[in-house]
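So the structure is just underneath, and the comments pick up after that.
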Amino acid sequence: MAFLAFEGLDGSGKSTLIKNLELHLKQAGISFIQTREPGGTDLGEELRQIILKDQDPAPCAKAELLLYEAIRAQHVEVKIKPNLEKGIWVISDRFTASSIAFQSGGRKIIQEEIEWLNNFATSNLSPDLTVLLDISYEDSQKRMLNNNRDTKDRIEKECESFHKGVRQSYLAQAKGKDDWLVLDACKSEDELASELFTSLIQKGFLS
Ligand code: TYD
């Protein structure tokens with residue numbers, strides 16, 4: 001059983017890699033759930049709408065962070081922990097690293113304060129592996145255009161320096177950590193899936 005989180009800039013290709021992992025797990029007869037942040041529970045999905053919609057004034061940086069953390073606390077309590085306790089894999093599209101990347105790397109809230117809140121919200125639960133799909137700001141923007149993503153949410157509309165800060169934070173978080181896997185998002189779908197499966201085998205999660 002494993003708890004995996006997928007991270008990256010918007011447009012990094014998380015959904016495609018998660019889809020390929022799910023196909024692989026199904027074929028191997030492994031039980032899993034796929035979930036996401038912001039979201040994952042009824043409360044979380046409602047708060048997701050509130051966080052991402054355009055509003056004036058927009059939530060201030062601290063309010064935004066606390067909303068993501070509220071979503072996370074509920075997500076861990078009612079969905080992630082109960083499934084892990086039953087031996088079911090949990091695959092989450094974004095988790096704690098997103099708050100550090102976006103609210104510290106992007107919004108410039110002090111990282112240690114977010115780490116404290118992450119630990120509080122999760123009761124210190126961390127993923128067995130965080131998979132970062134690393135992509136440059138320029139390439140992520142191109143991908144979103146190609147995917148006809150003409151409706152950007154409030155966070156996606158942030159400026160270039162915000163997103164560059166997010167990427168730098170992700171890379172800094174991953175540096176030297178055994179429980180992170182950094183993949184080059186520009187590689188092909190098949191290459192990315194194969195690198196992920198190899199890592200899961202090496203770490204003993206898959207045979
Ligand atoms: P996501 O669901 O990945 O967006 P989409 O479905 O449009 O690809 O995430 C929504 C946005 O929320 C994304 O821009 C990243 C942001 N986010 C944070 O700023 N902090 C967080 O803690 C999380 C989980 C997400």
Pick from Asn146, Asn119: which is out of contact with any helix residue (DSSP H, G or I) (no Cβ under 9 Å at 6 or more places or on another chain) and not basic (Lys, Arg)? Asn146
Return the total of residues in segment 178-189 being part of a loop (DSSP other than H, G, I, E, B) and touching a residue at least 24 places away in the same chain (Cβ under 8 Å). 3
Scan Gly29, Gly44, Gly40 and give me the residue that is in a loop (DSSP other than H, G, I, E, B), closer than 30 Å to Leu206 by Cβ and either among the basic types (Lys, Arg) or touching a His at 6+ places or on another chain (Cβ under 7 Å) (or both). Gly40
Only one residue in Ile80, Ile109, Ile71 is among the aliphatic types (A, V, I, L, M), part of a helix (DSSP H, G or I) and within 12 Å of the ligand (Cβ to nearest atom), so which one is that? Ile71
Out of Ile109, Ile155, Ile135, Ile114, sole residue that is surrounded by 16 or more Cβ atoms within 10 Å (Cβ to Cβ), touching a Cys at 6+ places or on another chain (Cβ under 9 Å) and hydrophobic (A, V, I, L, M, F, W, C): Ile135
Checklist (1) near the ligand (Cβ under 9 Å from one of its atoms); (2) more than 15 Å from the chain's Cα centre (by Cα); (3) of a type in the set (S, T, N, Q) applied to Thr96, failing item: (2)
Got a sec? Which of Asn119, Asn146 is over 17 Å from the mean Cα position of the chain (by Cα), of a type outside the set (Phe, Trp, Tyr) and exposed (fewer than 14 other Cβ atoms within 10 Å of the Cβ)? Asn146
Working carefully through the options Ser92, Ser98, find the one that is out of contact with any Lys or Arg (no Cβ under 7 Å at 6 or more places or on another chain) and buried (at least 21 other Cβ atoms within 10 Å of the Cβ). Ser98
Which residue pairs have Cβ atoms under 8 Å apart, sit 6 or more places apart or on different chains, and have a first residue in segment 89-114 that is on the phi > 0 side of the Ramachandran plot and a second that is not in a helix (DSSP H, G or I)? Arg94/Ala5; Arg94/Phe6; Arg94/Glu7; Arg94/Arg36; Arg94/Glu37; Arg94/Pro38
Scanning segment 157-171 for residues that are touching a residue at least 40 places away in the same chain (Cβ under 8 Å) and assigned to a helix (DSSP H, G or I) gives Phe162, His163, Gly165, Val166, Arg167, Gln168, Ser169, Tyr170
For segment 190-207, enumerate the residues that are in contact with a strand residue (DSSP E or B) (Cβ under 9 Å, 6 or more places away or on another chain) and either free of Cβ contacts under 8 Å to residues at least 60 places away in the same chain or charged (D, E, K, R) (or both). Glu191, Glu195, Lys203
Looking at (1) over 26 Å from Gly106 (Cα atoms); (2) of a type in the set (S, T, N, Q); (3) free of Cβ contacts under 8 Å to residues at least 60 places away in the same chain; (4) touching a Leu at 6+ places or on another chain (Cβ under 9 Å), can you tell me which one Asn20 breaks? (3)
Counting only residues that are within 14 Å of the ligand (Cβ to nearest atom) and of a type in the set (Asp, Glu), which one in segment 1-44 is surrounded by the fewest Cβ atoms within 10 Å (Cβ to Cβ)? Asp10
Are there any pairs with C-beta distances below 6 angstrom linking a residue in segment 1-16 that is farther than 15 Å from Phe32 by Cα and among the small types (Gly, Ala, Ser) to a residue that is more than 8 Å from the ligand (Cβ to nearest atom) and in a loop (DSSP other than H, G, I, E, B), with the two at least 6 apart or on different chains, and if so which? Ser12/Ile135; Ser12/Ala185; Gly13/Ala185
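Read-outs: derived from the displayed coordinates by stated rules, not from any lab. This one's a predicted model, so the numbers in the text were calculated from it and none came from an experiment. A quick note on method: Cβ atoms are made from the backbone with ideal geometry, for glycine too, and the neighbour counts reach across all protein chains shown.
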